[in-house]
Each structure stands twice: as structure tokens, then as C-alpha cells.
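Taking it in order: structure first as C-alpha cells, then the write-up.
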Amino acid sequence: MLNQNNNSAHLKKNILVEIMKLQLSGKLLDEATIDEIEKIPETIIPDGSIPVRGSIEEDRKIARIRTVARLGHSVEDYDESKKLADYVREAYARESPTWPMLTMIQSACNACVKPKYFPTDACQACLARPCQENCPKKAITVTDRARIDPAKCINCGICAQNCPYHAIIKTVVPCEEACPVGAITKGADGRESIDYEKCIFCGKCMSNCPFGAMMDKSQLFDVVKHIMAGKEVVAMYAPAIGAQFRTKPGQLEEALRLAGFTKTWEVAIGADITADKEAAEFEERMAHGDKMMTTSCCPAYVRAVNIHVPELSGCISDTKSPMMYTAELAKQANPDCITVFIGPCLAKRREGFDTDIVDYVLSVEEINALFTAKGIDIAKVESKPDSVPTSYVPTVSGRNFAKTGGVAESVRVRLSDKSILRPSVINGLDKAGMKQLTTYGQINAGTIPSTPETPNLIEVMACEGGCIAGPLVIANPKLGNGLLTLYANAGSKPDENGRPIKCDINNVINEKR
């Protein structure tokens with residue numbers, strides 16, 4: 001995953017900020033000013049900029065396509081002859097987000113060379129020459145430095161493993177390397193494409209592409225459209241969002257209100273419900289003799305199992321995710337409200353497509369752009385007395401859903417008999433994580449025997465570190481982990497028996513009416 005502080009991320013945000021400024025000012029609703037959106041590429045890439053694609057004109061063409069994606073459109077059918085104003089009109093006419101959530105900008109793709117090993121100038125042409133001696137295909141010759149014959153090389157990497165100077169390196173295609181399920185492949189022109197039948201929407205291709213060729217289709221335009229129309233739009237923010245901003249209790253809620261949301265729901269409330277139900281389900285499954293159960297709150301993982309490891313699909317918890325339970329609460333409080341989940345996750349958009357109770361899914365990246373466009377500095381926002389919920393404060397364990405191990409721990413503390421638990425955590429769905437899932441699937445199918453040490457509760461997080469390292473975060477995951485600890489520790493503490501305090505759902509709903 002690229003460091004969040006990079007030019008590609010800045011470009012995405014800046015384009016969205018410019019769109020928001022125009023939309024919020026009403027200029028995109030006025031036919032006399034709607035064409036001002038055509039100025040965004042020049043605003044984002046001003047004269048004198050250092051070009052990436054050979055010329056500023058080419059960079060601006062790609063920025064124009066990015067603007068279309070930021071308006072919520074797929075760019076696979078991008079028409080250069082259409083005005084951006086036409087895409088704005090289509091966005092206003094759109095009743096719901098369109099499939100798929102990812103879109104691929106072919107002209108931005110660098111058509112990276114296929115992975116290969118090659119010696120660098122750090123080679124010392126040493127006497128030992130372990131690279132040459134251990135190459136199984138005799139593809140290496142050494143004169144003044146090592147050289148690899150590409151016709152003989154099989155990319156086994158033994159040369160790199162044996163070089164004492166680490167002088168042999170491997171080049172990779174970042175998006176292909178990051179994809180855990182092989183959903184990214186090169187076309188005849190060398191550019192990448194996404195197989196949506198294989199894709200689990202983990203977002204790793206998007207967060208690893210140095211050229212920003214894979215982009216999420218923003219839903220922010222649609223959400224702001226409803227806010228400006230005066231509808232009741234409620235924000236449901238994930239625990240990971242509480243760890244993205246340096247805020248005091250109530251500041252994030254007040255910032256969201258200032259941004260136009262009528263009410264806020266902390267999704268950690270839904271996490272407590274998920275943990276309660278998942279613990280009860282685990283006890284029931286173990287009593288019935290099941291070999292194992294896996295958590296269900298990560299939609300990228302659930303899709304990975306259903307598509308790629310079907311032997312494990314019966315082990316997925318039937319419990320719904322925190323987002324779903326929170327949306328149910330919001331709809332009970334007001335059936336006519338528009339529910340907007342805010343998180344760091346691309347896969348949640350896939351989950352949102354599969355339900356009628358979650359209308360939109362925004363990323364923290366998008367919310368940050370909205371705050372910027374409206375001039376909201378969260379650190380300076382004054383928390384109002386009614387900004388902080390009083391009927392129920394989510395538990396520490398519920399808020400800790402956002403980090404690896406948090407879900408399993410939330411289940412553990414709720415068990416009547418904790419001795420029955422043998423937890424295991426898959427920290428990030430990379431290729432190794434998928435192999436581990438396959439092994440668990442074989443154990444469940446009986447092709448590999450289980451042992452007394454075989455885990456019976458498996459937590460799977462698609463992102464290494466948990467949701468705080470999602471593909472659409474704005475804070476460095478290490479910083480996010482620290483901020484999450486502060487945020488989570490402000491949650492409600494266990495009762496005298498060490499178990500989380502149950503919340504009165506009716507009180508929570510009534511408070512939000």
C-alpha cells in the first residue's frame with residue numbers, strides 16, 4: 001500500500017474538492033455557470049506544472065477523465081467529445097449509484113513491464129558468485145557485473161535470495177502484485193483490466209497503483225445532492241473513522257452536522273450488536289459440533305470465500321455486519337431517511353449495493369474533501385452538548401472492530417465459557433492469506449484432518465492491520481492505530497462480571513428520532 005501522502009491521492013482529493021465547491025455554491029445547478037466545471041483540469045494542473053505523461057495537455061486530459069469518475073461515472077465508455085457539464089446533468093438525474101464501484105482509466109495506466117529480476121549497479125562481481133552457481137537455468141553470466149539472460153530466466157528468484165549484496169532486485173506490477181485473487185491481468189496492449197467476476201473489491205489495486213489508474217466511483221456528489229435538496233441524510237460513521245481525525249468527543253459529529261447531515265450514528269453501536277449475536281452464534285455452532293466459524297463483518301473476505309474458497313462458505317457467521325445493524329436502527333428511527341455509511345473501505349460499497357437500507361457509502365477520503373470544500377476544520381469545531389449520544393456509549397470492544405484482532409476479542413469477552421474458544425486471525429488478505437483460507441477450507445471439507453489445536457473462530461481482515469489500514473484512509477495506519485486506541489478507550493467499560501454492558505436499543509432509537 002502506498003503511503004497516503006502521495007501525489008495521486010492529493011490529485012483525487014483536489015478534484016473532488018473543486019467539484020464540491022462548484023456544487024455547494026449552486027453553480028452546477030445553473031445552466032449559466034455549469035460549464036465552470038470544464039476549468040477543473042487547468043485548476044488542478046496549472047501552467048508550469050511538471051508533466052507526468054509527457055505534456056501538461058496529456059495530464060489534463062487524464063484529469064478530465066478523473067473528474068468524470070469523481071462525479072460517480074464509469075470511465076470505460078468515456079466520450080472525449082462530451083462536455084463535463086453533460087456528465088454533471090447525468091449525475092443529477094441519477095437515482096442511485098451505478099455498478100461497478102471501481103473504474104479503470106486506461107490512459108493513466110503505465111503498462112508496467114512484466115515482473116522480472118535484474119542485477120543493479122550494487123553488484124560487485126564477487127568471487128563467490130552464488131547467483132551464478134545456484135541459478136537452475138544457468139541464466140546468469142558475470143563479467144564486470146552479473147547479467148541475466150531473459151530467454152533462460154524463469155523468475156524463480158534464487159539469484160536474489162543468494163546475493164550477499166542484495167544487488168539483484170525484482171520489479172513488480174504493483175496492482176497485480178497486490179491483488180490476492182488474480183483479478184488483475186494485462187491486455188494485449190500491456191495495460192491492466194479488472195475481472196469483476198473474480199474481484200473481491202478489497203481495493204488493494206487502487207491503493208497500490210502509483211499512477212492512480214484504478215479509481216473508485218465517488219458517491220459524494222449524490223449525497224450532497226440530497227443534502228442540498230433538504231432531505232434527511234444521516235451519517236453512519238465506522239469505528240475506523242473515529243481514528244482518522246484528531247478529535248475530541250462530539251467534534252466529528254458536529255463537523256458532520258455542519259457538513260449538512262441531519263443526524264449521526266456511531267457504527268460501533270452496530271458493532272456491539274454484531275459481537276453480541278456472533279458470540280451467541282459461536283456458542284450455538286460449537287454446541288452443534290461445527291468445526292469452525294469465521295467472522296462476517298469484512299465484505300471483501302466474505303466475497304473471497306464465496307467465490308474462491310467455497311469449502312469455507314458454510315463457516316461464515318450468519319450475523320450481519322455493524323453497518324447493517326446501524327442502518328436498521330437509523331431506518332427504525334426514520335424510515336424515510338437517507339442512510340450514508342462512512343468508512344475506509346471499498347468493499348462496503350459492494351455490501352451497500354446488496355441492501356435497500358444503506359443508500360450510499362462514502363469514504364473518509366470523500367468526507368475529508370467535503371470538509372475541505374466547506375472550510376470545516378475539525379480540530380477547531382466546537383462540540384455541542386447534544387453532539388455526543390447520551391443513551392448509549394459503544395463499548396471499547398465494539399470500537400476496536402477497526403483493528404486486527406478486535407472482532408475476535410469482542411466475541412471472546414461475550415462468551416459465557418471462554419475456554420471453548422481457539423481463535424485465529426488472518427491479518428490481511430494477500431496471496432499468503434488466501435492460501436491460509438484454502439487450508440481452513442480443506443480442514444472444514446475433511447480433506448485435511450483437524451487437530452485439537454485447529455482454530456474454531458477465525459477472524460479475517462482483508463486489510464493488514466484492520467479497517468484502519470483500508471484502501472481509502474487518509475491517516476497513516478500506524479497513526480490510525482494510536483488514534484483508534486484513544487477513541488476506543490473512551491468507550492463504555494465492562495460490567496462487574498467483565499462482560500460488555502448491553503445497550504437499550506429503544507433508547508438509542510428514540511434519541512435519534
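Every number in this text was worked out from the coordinates using simple rules, so none of it is lab data. Computed from a predicted structure; not experimentally measured. All Cβ positions, glycine included, derive from the backbone under ideal geometry; neighbour counts span all protein chains shown.
Using θ = phi - 60° and the Karplus form 6.51 cos²θ - 1.76 cosθ + 1.60, what ³J(HN,Hα) does each residue of the stretch 159-170 get, whole Hz, x for Gly and Pro?
Coupling constants for the stretch 159-170: 4, 5, 5, 9, 6, x, 9, 6, 7, 9, 10, 10 Hz.
Could you work out how far apart the two model spin labels at Lys502 and Cys156 are, taking each label as a point 7 Å from the Cα in the direction of the beta carbon, and quote it in nm?
With each label point 7 Å from Cα toward Cβ, the separation is 6.2 nm.
With a ≥ b ≥ c the root eigenvalues of the C-alpha gyration tensor of the stretch 116-171, is it rounded (a/c under 1.5), prolate (a/b larger than b/c) or oblate?
Working: a/c = 1.43, a/b = 1.27, b/c = 1.13.
In terms of gyration-tensor shape, rounded.
For Thr120, Thr247, what's the fewest-to-most ordering of other Cβ within 10 Å of each Cβ? Provide the component values of the computation, followed by the final result.
Details: Thr120 13, Thr247 21.
Exposure proxy ranking, most exposed first: Thr120, Thr247.
Summing Lys, Arg as +1 and Asp, Glu as -1, what charge do residues with Cβ under 12 Å from the Cβ of Val381 carry, Val381 excluded? Provide the component values of the computation, followed by the final result.
Numbers: positive: Arg246, Lys248, Arg257, Lys374, Lys380, Lys384; negative: Glu253, Glu254, Asp377, Glu382.
For residues surrounding Val381, the net value is +2.
Using only the Cα atoms of the chain, what are the Rg and Dmax in Å?
Both quantities, over Cα of the chain: 24.9, 79 Å.
What distance in nm lies between label points placed 7 Å from Cα along the C-beta direction at Thr447 and Lys137?
In this crude spin-label approximation the distance works out to 2.9 nm.
Please return the longest stretch of the chain lacking exposed loop sites, where chymotrypsin sites (Phe, Trp or Tyr not before Pro) count only if DSSP places them in a loop and at most 15 other Cβ atoms lie within 10 Å.
Details: sites that count: Tyr165, Tyr196.
Within the chain, the longest run free of exposed chymotrypsin sites (Phe, Trp or Tyr not before Pro) spans 197-513.
Too long at a 22 Å Cα-Cα cut-off: which of Lys263/Lys374; Lys21/Lys225; Lys225/Lys263; Lys61/Lys170?
Details: Lys263/Lys374 18 Å; Lys21/Lys225 13 Å; Lys225/Lys263 17 Å; Lys61/Lys170 32 Å.
Violating the 22 Å Cα-Cα cut-off are Lys61/Lys170.
For a label point 7 Å from the Cα of Asp417 along Cα→C-beta, name the residues of the stretch 424-467 whose backbone N is under 15 Å from it.
none
Cα-Cα over 21 Å: which of Lys248/Lys380; Lys114/Lys152; Lys116/Lys137; Lys138/Lys186; Lys116/Lys478; Lys12/Lys331? Before the final figure, lay out each step's value.
Details: Lys248/Lys380 10 Å; Lys114/Lys152 15 Å; Lys116/Lys137 15 Å; Lys138/Lys186 29 Å; Lys116/Lys478 31 Å; Lys12/Lys331 32 Å.
Correct reply: Lys138/Lys186; Lys116/Lys478; Lys12/Lys331.
Compute the relative contact order of the stretch 246-385 as a whole-number percentage, counting only Cα pairs closer than 8 Å that sit 6 or more residues apart in sequence. Kindly include the intermediate steps, with their values, before the conclusion.
On the way: 150 pairs, mean separation 46.2, N = 140.
It rounds to 33 percent for the stretch 246-385.
Tally Lys and Arg at +1 and Asp and Glu at -1 over the other residues with C-beta under 12 Å from the C-beta of Ala139: what net charge comes out?
Cβ neighbours under 12 Å give a net charge of +4.
Report the FRET efficiency, 1/(1 + (r/R0)^6), for His226 and Gln124, where r is their Cβ-Cβ distance and R0 is 60 Å, rounded to 0.05.
Numbers: r = 64 Å, r/R0 = 1.07.
Efficiency, from the Cβ-Cβ distance: 0.40.
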